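For reference, the structure is listed below as structure tokens.
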Amino acid sequence: MEKPFLLHMITPEKNISPFDANMAFDAGWDSVIPYTNIEMDEIQGIVQDTIFSRSPSALKRTGIFIGGRDTHTAMDMIEEAKKHMVPPFEVPVFADPSGAFTTAAGMVAITEKALKDKFSESFSGKKVVILGGTGPVGVASAVISAKAGNSVLLVGRSLDKAESIAKICNEKYGSKSVKGALDSDKASFLSDADIVFNTGAAGIQLMNDELIKNAVNLKICADVNAVPPAGISGIDAMDNVVAMKNSKSGCFGIGALAIGNIKYKSQHDCLKLMYKCDEPVYLHFEHAFEFAQKNV
Ligand SMILES: NC(=O)c1ccc[n+]([C@@H]2O[C@H](COP(=O)([O-])OP(=O)(O)OC[C@H]3O[C@@H](n4cnc5c(N)ncnc54)[C@H](OP(=O)(O)O)[C@@H]3O)[C@@H](O)[C@H]2O)c1
């Protein structure tokens with residue numbers, strides 16, 4: 001009898017996300033097993049109990065998913081899990097804390113394609129401003145954007161916090177060009193931005209009509225917030241590269257549901273790759289972005 005596909009789902013939080021559990025079943029996993037309130041020093045035990053209980057061939061039907069809310073903890077947990085694999089006793093690992101990696105991947109991939117389709121320009125050498133950028137979606141978006149060759153301002157309400165997170169993006173993930181900036185200064189740095197991402201907490205507007213009108217280089221605005229009011233004024237959640245009426249520069253808007261569609265496909269593809277790959281994979285926002293680029 002063939003062994004079932006088992007996905008061990010780890011989170012430092014008190015529950016795994018039902019969103020991720022549904023996604024895992026829908027991607028073909030037979031069973032998802034939650035491990036909650038997990039700390040870094042417990043990863044070794046979970047990994048070793050996972051790998052030594054099945055033959056290498058059955059391990060191809062076994063995986064570890066890392067959720068939670070924190071980007072850096074999730075990335076550290078991938079590394080910790082990898083450290084305790086004993087090839088050929090090894091399983092794939094995929095992290096998507098708060099769904100942030102796949103959401104960022106979807107948003108940036110649609111933006112990249114829209115720049116090409118609407119302006120015949122590449123997603124490189126642009127000034128990218130990420131409002132509400134200090135959360136998990138903002139951090140992953142910042143690193144992907146900076147690694148593509150853009151200058152990135154990661155914006156928050158505290159300059160110290162924004163700068164320290166920008167430093168982590170550059171030092172830990174090698175993105176080099178991420179800088180922190182203060183939300184209350186945004187009128188000045190938005191005025192010549194090419195691209196604006198809103199990754200702030202749900203239901204908060206961070207870019208109003210006035211800021212959009214004064215942004216003379218603006219080409220693309222993307223808003224991951226699906227809860228009214230729009231995070232960027234004038235973008236409807238359904239908008240999929242739609243001309244923004246409040247922009248004087250001919251900017252196009254991308255809304256949360258259009259982003260969610262690509263996010264969904266990218267997460268589905270990552271979850272599937274885990275049991276389809278010949279060699280174990282370790283997946284995070286950069287791999288999610290590759291899938292998102294194929295899905296737009
Ligand atoms: N479309 C999709 O498929 C999808 C999927 C997942 C998530 N989302 C959405 O993506 C967004 C970002 O998610 P996340 O988990 O990264 O966000 P988050 O951590 O909840 O918030 C991001 C940042 O927003 C800022 N913020 C919080 N309250 C604020 C306030 N009252 N005024 C101004 N700024 C405030 C904070 O930055 P500072 O404290 O540094 O200012 C925070 O770090 C949310 O809207 C979420 O609903 C969308």
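Among the residues making up the range 145-167, a single one is within 10 Å of the ligand (Cβ to nearest atom) and in contact with a Cys (Cβ under 9 Å, 6 or more places away or on another chain): L154. Residues that are open to solvent by 10 Å² or more (accessible area, probe 1.4 Å) and closer than 22 Å to I168 by Cα within the range 49-66 are absent altogether.
Just name the residue that is farthest from L115 (Cα to Cα) out of those in the range 206-228 that are within 15 Å of the ligand (Cβ to nearest atom) and in contact with a Cys (Cβ under 9 Å, 6 or more places away or on another chain). Spell out the reasoning first.
Here is the first cut: in the range 206-228, the ones within 15 Å of the ligand (Cβ to nearest atom) are 206-208, 211, 221-228.
Still in the running and in contact with a Cys (Cβ under 9 Å, 6 or more places away or on another chain): 207, 221.
Working: M207: 20, C221: 11 Å.
Per the stated criteria, the residue is M207.
Which residue, of L211, L182, is closer than 12 Å to I232 by Cβ and among the hydrophobic types (A, V, I, L, M, F, W, C)? Outline the logic, then answer.
Details: L182 fails: closer than 12 Å to I232 by Cβ.
Criteria check complete, one pass: L211.
For the range 229-246, state whether one or more residues are modelled with pLDDT of 95 or more, open to solvent by 20 Å² or more (accessible area, probe 1.4 Å), under 29 Å from E79 (Cα atoms) and within 10 Å of the ligand (Cβ to nearest atom). No - not one qualifying residue is present in the range 229-246.
Among the numbered criteria (1) open to solvent by 40 Å² or more (accessible area, probe 1.4 Å); (2) part of a helix (DSSP H, G or I), which one does I259 miss? So I259 meets the others, but not (1).
So that you can scan it fast, the table gives a plain yes or no per residue for (1) among the β-branched types (V, I, T); (2) within 16 Å of the chain's Cα centre (by Cα):
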| site | (1), (2) |
| --- | --- |
| V227 | yes, no |
| S233 | no, no |
| A243 | no, no |
| G260 | no, yes |
| K272 | no, no |
| C277 | no, no |
| A288 | no, yes |
| V296 | yes, yes |
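You will find that of S141, S175, the residue that is in a loop (DSSP other than H, G, I, E, B) and either closer than 23 Å to N225 by Cα or among the polar types (S, T, N, Q) (or both) is S175 and no other. For the range 1-104, no strands (runs of 3 or more DSSP E) sit wholly inside it while including 1 or more residues that are of a type in the set (K, R).
Contact map, the range 163-177: residues that are acidic (D, E) paired with residues that are open to solvent by less than 40 Å² (accessible area, probe 1.4 Å), Cβ distance under 6 Å, separation 6+ or inter-chain. Pairs shown: E163/G180.
The values are calculated or read from the model by the stated rules, or taken from the named source; none is laboratory data. If you're wondering where the values come from, they're calculated on a predicted model, not measured in any experiment. Positions of Cβ are backbone-derived with ideal geometry, glycine not excepted, and every protein chain shown enters the neighbour counts. For the accessible areas, the whole protein counts, side chains as well, though only heavy atoms, and no ligand, DNA or RNA atoms are used. Shrake-Rupley method; radii C 1.70, N 1.55, O 1.52, S 1.80 Å.
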